[in-house]
Structures are given as structure tokens and as C-alpha cells.
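I have placed the structure first, in the form of C-alpha cells, so that the comments after it can refer back to it.
The values are calculated or read from the model by the stated rules, or taken from the named source; none is laboratory data. All of these numbers come straight from a predicted model, not from anything done at the bench. Cβ placement follows ideal geometry from the backbone for every residue including glycine, while neighbour counts extend to all protein chains displayed.
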Amino acid sequence: MSTSISLPADVDALVIGGGAAGLSAATWLGRYQRPTLVVDAGQHRNRFAAQVHGLLGRDPISPSELLVQARADLSQYRQVSVCEATVSALEPTGEGRFQATIDGAQVTAGRVVLATGVRDQLPQIAEIDAHYGTDVHHCPACDGYNARGATVIVLGAGEHVPAYAAELLEWAGTVRIVTDTTGRAFDEAQSATLAEHRISVVDGVAQALVGAPGTLEGLCLEDGTVVEAQKVFFSYAHHPTNDLAAQLGCELDEHGQIAVDGYQLTSVAGVYAAGDITPGMQLVSVAIAEGAVAGVACATSMRGHRTTKHGPSPAPPTRRFTLHQ
């Protein structure tokens, strides 16, 4: 398995994104002996997290260790190569294939798997980089268990915040909201819901985290007030990395995520998508499962077709998979 920029000119499958979803798809494409190139820009969403939780047989494991092991496992499939680069353009060739521009080089592929993920908007407060992934988090499902019994701040305002804060009551001893704004944060109905759940609201703009990473003491506001907490959760915005999907004309939902069917096939024939870039629950275990579905569906869609010279001899087509050709 290569990690250099020595790229093949032509592959059966191009997987864009080398996180959990992309590497899972590549694993199954390798098992179907499909010449596959994985292009990884290294911008994995959970690269700042200390640990991945709830992953069967690997609970917990650091994100970096998980990816190192996944790449090591992938090396047994000689048809799969990985390069650390960026895909800047992707377009159909008009011949049922796709052409990608990868750090200036051109690669054509018969199928594409988009596993480009999303980007989280971080709070603009001092020390956020040091604390993010340790005691500052964006995902209650991922990290709420580690906040059990703790005093938790939910940072931010917006119509989704009351429900987001209430979810953390599954684990936290106390939940309070710091609005991070000087304006009106919640309407009367939202305020009533928060009061019902005994979630207090502190109006003010966040300035800095107090305490060392791993021993958080609270959050300091612009007026000098320190709000006590051992954990901070936030949910400002999540930006799908959908530029390539848009270039191809893939259908996007109202949140900018790529619409897929049960086989992870997008609205564009030959293009699959998996992981956080698609609608649904955003967990590493889910991304791995979706990647596996995309990889198998992508590989089997090529049955009955002669592909690259290094691909397997065409097996007989099957009716089940004709919709994915």
C-alpha cells in the first residue's frame, strides 16, 4: 500500500476521504479485488478527540490509533493504495467514468465513494484547541457518558440548544447554558422547557476556559464572571464537505448532506457516499457500517463489466445489482 503521490492513471474505484467510512469502503473494495485509490486530506472530524467510544471490540481507542490500525489492515489488499493528497476537482468523463484532479495529477475511475465528512464550527474562545476533545466536546452521544455526574455547560444559543442541553441530562449532574451572546437567546416556550428541566441560563459572551486540559474548572465570560463546569459541550454549526458532490450534481438535502439510498448510492449513477456527509446518526461505528455497504455495493455494481486491466475478470451480472450499475 502506497502513501506517496505516485498515482495510478486509472482505477476501478476512487474513495475520497480516509477516515472510518472511507477506509471501511476501501477494505471491502479490496476484498472484491477492485483496484482502488483512497485519497486522504487528513481533515478527519474527530482528529482532536482523545478517544473513540462505543466501538465494538475497540472501546475506547484513540482516533489516530484506529486509523493506523485500519491502514495496516488495508495493506493486505494489494489492489488498494492510499495517498495523502487533496481532490480539487471531480467530473464525469461522458463515458460512464469520472476524472479527478489530485494535487494536479489526473486519475480516472469507474466508481466514486465520497466519504468527505463534515467540519464543526468551534467556539471562538481562548484555549479551545487545547481542551477540544478532552473536556470540550460537540457530541453528547459520543462523550456524554464521560460527563456522568459532572457539572456541564452547554455553550451557545439557537432553537436546537434546549433539546441538545436536555439530552445531556442523561448523564450530567447539572446542566447550564451559557448563551455566548448579548441578545435574546430563547423564546418563552423554550425558556419554559428549560425551567421545567432545571437547566439554568447564563447570558453572556464566553471569553476563555478556566483550568488545564483534563481538569477544567469553568468558563470565564467577558464581564469576568466564571461559570463553574467540568465539561463544556457546544453545537454551533456543522458544515458538510460537499463541494465535490455538488460538482457532480449529487442531490443534497436541506442540511447540505448527500442523499443516498439503502446501498449508499447517490442520485448520480456510479457515485456512492458514506459517513457523516450523509444523513443520519453521526458515529464512528455508523460510518464504518455505511462504508462497508458502500464498498460492497460499489464493487458488485461492476459485475459483468470489464474494468481496468488490473481488475478481476468480469463475473456474470446479477439482477439484484443492476440498479447500481
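Among strands (runs of 3 or more DSSP E) entirely within segment 162-253, having at least 1 residues that are surrounded by fewer than 20 Cβ atoms within 10 Å (Cβ to Cβ) singles out 174-178, 200-202, 206-210, 218-221, 226-228, 238-240.
Would you confirm whether or not segment 14-28 contains a residue that is within 30 Å of Ser313 (Cα to Cα), touching a residue at least 40 places away in the same chain (Cβ under 8 Å), of a type in the set (S, T, N, Q) and in the same structural domain as Thr307 (by TED's automatic domain parsing)? Yes, the conditions are met somewhere in segment 14-28.
Counted as qualifying within segment 89-141 are the strands (runs of 3 or more DSSP E) with 3 or more residues that are under 22 Å from the mean Cα position of the chain (by Cα), surrounded by 15 or more Cβ atoms within 10 Å (Cβ to Cβ) and at pLDDT 95 or above, namely 105-114.
Filter segment 38-65 for residues that are in contact (Cβ under 8 Å) with a residue 12 or more places away in the chain and on the phi > 0 side of the Ramachandran plot; which is surrounded by the most Cβ atoms within 10 Å (Cβ to Cβ)? So the residue we want is Gly54. Filter segment 66-98 down to the residues that are of a type in the set (A, V, I, L, M, F, W, C), in contact with a helix residue (DSSP H, G or I) (Cβ under 8 Å, 6 or more places away or on another chain) and in contact (Cβ under 8 Å) with a residue 60 or more places away in the chain and list them by number. Those that are of a type in the set (A, V, I, L, M, F, W, C), in contact with a helix residue (DSSP H, G or I) (Cβ under 8 Å, 6 or more places away or on another chain) and in contact (Cβ under 8 Å) with a residue 60 or more places away in the chain: Leu66, Leu74, Val80, Val82, Val87, Ala89, Leu90, Phe98.
Has segment 78-85 got at least one residue that is part of a strand (DSSP E or B) and either closer than 19 Å to Ala246 by Cβ or of a type in the set (Val, Ile, Thr) (or both)?
Yes, segment 78-85 has at least one match.
Gly156 - would you say it is modelled with pLDDT of 95 or more and either surrounded by 14 or more Cβ atoms within 10 Å (Cβ to Cβ) or over 30 Å from Ala89 (Cβ atoms) (or both)? Against the criterion (modelled with pLDDT of 95 or more and either surrounded by 14 or more Cβ atoms within 10 Å (Cβ to Cβ) or over 30 Å from Ala89 (Cβ atoms) (or both)), Gly156 does not qualify. Among the residues here, Ser235 qualifies as closer than 26 Å to Tyr132 by Cα, modelled with pLDDT under 95 and of a type outside the set (A, V, I, L, M).
In the set Ala9, Ala70, Ala41, Ala21, only one residue is touching a Leu at 6+ places or on another chain (Cβ under 7 Å) and small (Gly, Ala, Ser); that residue is Ala70.
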